[in-house]
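Structure first, commentary second.
The values are calculated or read from the model by the stated rules, or taken from the named source; none is laboratory data. Fair warning: this is a prediction, and the values are worked out from it, not measured in the lab. As a convention, Cβ positions derive from the backbone with ideal geometry for all residues, glycine included, and neighbour counts pool all protein chains shown. For accessibility, only protein heavy atoms count, side chains too; no ligands or nucleic acids. Shrake-Rupley method; radii C 1.70, N 1.55, O 1.52, S 1.80 Å.
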Amino acid sequence: KGPVNRVVFSRDGQILVAVAGEPGLFGEVQVWNVSNWKLLRSFRAHTDCIYAAALTSDGRLLATGSYDRTIKLWDVATGKELKTLTGHNDAVYDLDFHPNNKILASASGDRTVKLWSVETGKRLDTFSQPLKEQYAVAFSPNGKQIVAAGVDNRIRVWQLGKNATEGTNRLVVARFAHEGPVLDLEFSSDGRMLASSSED
């Protein structure tokens, strides 16, 4: 139902997840088997449209972020909701799991990027340096850095501390990147290059 806002493949290419929803009513998640394009499950989630989706590298855990300001963690095999993460004050526009699957990053319209413990659901840190809404967030393939960008046209890079807890993560780069809001960020598989797309 409603516009499809994000699609994501599992790393092994076996699963495709699509998220959508009806504004102000509900979000929807659909999980597809790529080999035969059979719909494995479809379920409603959140109280508003879903904008963000991310899968762990083993494909077992799905995170969704919504206009309702919450993040939910799901068991992909069963569709069971495992946790709800709260703390953002605006829509959650993007999510990414750390390569070790223990940390989740979120980018929000509240002008922050947050780090969360996947195991406990507790917030580890909040990056409040962005000046406007944040639309994109990504971990580097080696897990040592995190990048984010959004409406202030800048890409920021933080160096992650040992446990990614508050006070250990340093902002190392803040670079003007586009003439318009940055919509998405993607690392090359070797981590040497970063691609960005923008409204410009």
Output the residue which, of all residues in the stretch 100-114 that are under 22 Å from D75 (Cβ atoms) and aliphatic (A, V, I, L, M), is most open to solvent (accessible area, probe 1.4 Å).
I103
Would you mind telling me which numbered condition in (1) buried (at least 17 other Cβ atoms within 10 Å of the Cβ); (2) part of a strand (DSSP E or B) S196 fails?
(1)
For the stretch 1-20, how many residues meet the condition of being under 17 Å from G79 (Cα atoms) and touching a Phe, Trp or Tyr at 6+ places or on another chain (Cβ under 8 Å)?
5
Looking at D68 and the list (1) surrounded by fewer than 19 Cβ atoms within 10 Å (Cβ to Cβ); (2) in a loop (DSSP other than H, G, I, E, B), which single condition is not satisfied?
(1)
Residue pairs qualifying under the 9 Å Cβ cut-off, at least six apart or on distinct chains, with the first in the stretch 108-128 being free of Cβ contacts under 8 Å to residues at least 12 places away in the same chain and the second being open to solvent by 20 Å² or more (accessible area, probe 1.4 Å), are T120/K83
In the stretch 23-56, which residues are open to solvent by 60 Å² or more (accessible area, probe 1.4 Å), closer than 20 Å to T84 by Cα and either touching a residue at least 40 places away in the same chain (Cβ under 8 Å) or outside any strand (DSSP E or B) (or both)?
P23, L25, T47, Y51
For the stretch 115-140, give me the residue count where each residue is closer than 23 Å to R192 by Cα and open to solvent by 60 Å² or more (accessible area, probe 1.4 Å).
0
